[in-house]
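Worksheet for the structure shown next.
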Amino acid sequence: MTDPARVRRHAERVRELVASVVRTQIKDPRLGMITITDSRITADLRDATVFYTVLGDAAAEADTKAALDSANGLLRSTVGKALGLRHSPTLTFVLDNVQEHAKHIDDLLTVARTADAEVQRLAANAEYAGDAEPYRADDDTDDDPVDAAPAGKPDLDGPRR
């Protein structure tokens, strides 16, 4: 059983190493404006997933993916040597769509704010559907006979004639 703290440390180290190698050693012209955002490694330390973002359009994303796949051997050997593990973890690169998710959430919040403003506008001119105080009694007339037993006490004599 592997220690979860050790796995987290290795995942953080993989992220730092990949970012450093991408910045300093990879000279592929297809590599765009890339940011290594996160990495996760399995408990057996055999497979690592590296998340990245790319500034640009879909073509820049595809070119960067191709450049990372091309440099996978160099990255894996560098990570394996630096971690000092028996087996170098395989590296899988996944495009992290943080900007798209953030834009989607921002759009949803904008729609919610617009809907809230519309509800507030409608509520300002609203009137009650019925009485303003529906539970207020206008008069205290009782439909009960005068000689009825008080509430909560049984009438032991039976009905009066």
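Derivation of every value follows stated rules applied to the coordinates shown; laboratory data play no part. Keep in mind that this is a model prediction, so the values were computed, not measured. Cβ sites come from the backbone with ideal geometry, for glycine too, and all protein chains shown count toward neighbours.
Here is how the numbers come out for the structure above:
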quantity	calculated
Relative contact order (%) - the range 4-96, alpha-carbon pairs under 8 angstrom, separation at least six	31
By average C-beta atoms within 10 angstrom, highest first, the peptides 13-23, 114-124	13-23, 114-124
Computed label-point distance, nm, for sites Glu100 and Lys81 using a 7 Å Cα→Cβ extension	3.6
For peptides 32-42, 54-64, 95-105, 70-80, sequence by mean Cβ density within 10 Å, most packed first	32-42, 70-80, 54-64, 95-105
Between the range 1-49 and the range 107-129, the alpha-carbon center distance in angstrom	47
√(5λ) per eigenvalue of the Cα gyration tensor, the range 1-126, largest first, Å	40, 20, 9
